[in-house]
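Here's the structure, in structure tokens; my notes come after.
The values are calculated or read from the model by the stated rules, or taken from the named source; none is laboratory data. Bear in mind the structure is a predicted one, so any value in this text is a computation, not a measurement. Cβ placement follows ideal geometry from the backbone for every residue including glycine, while neighbour counts extend to all protein chains displayed. For accessibility, only protein heavy atoms count, side chains too; no ligands or nucleic acids. Shrake-Rupley method; radii C 1.70, N 1.55, O 1.52, S 1.80 Å.
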Amino acid sequence: AWYTTHEDHQAEHEGIAAQMDELHKRKIDLADEIFVVNFNSYIGDSTRSEILYAKKLGKPIRYLEPI
């Protein structure tokens, strides 16, 4: 996950990267759809993982910028 590969991320500093990944998955479980903020077409590893998770659940996915 992005949190574990970028040491400057706050979750990594606080040692909660795995918990943040799980929290985001639970939010996806509850969501009606997913909105990806892919500013300048950037999608990080963690977000990419969350998109795949949402796709497996059949959640609609919208993007800020076309992909």
Quick one: how many residues across the range 24-45 are β-branched (V, I, T) and exposed (fewer than 11 other Cβ atoms within 10 Å of the Cβ)? 1
Matching residues, the range 46-64, being open to solvent by less than 90 Å² (accessible area, probe 1.4 Å) and closer than 16 Å to D21 by Cβ: S46, T47, S49, E50, I51, Y53, A54, L57
Kindly provide the set of residues from the range 12-67 that are among the polar types (S, T, N, Q) and free of Cβ contacts under 8 Å to residues at least 12 places away in the same chain, ordered by number. Q19
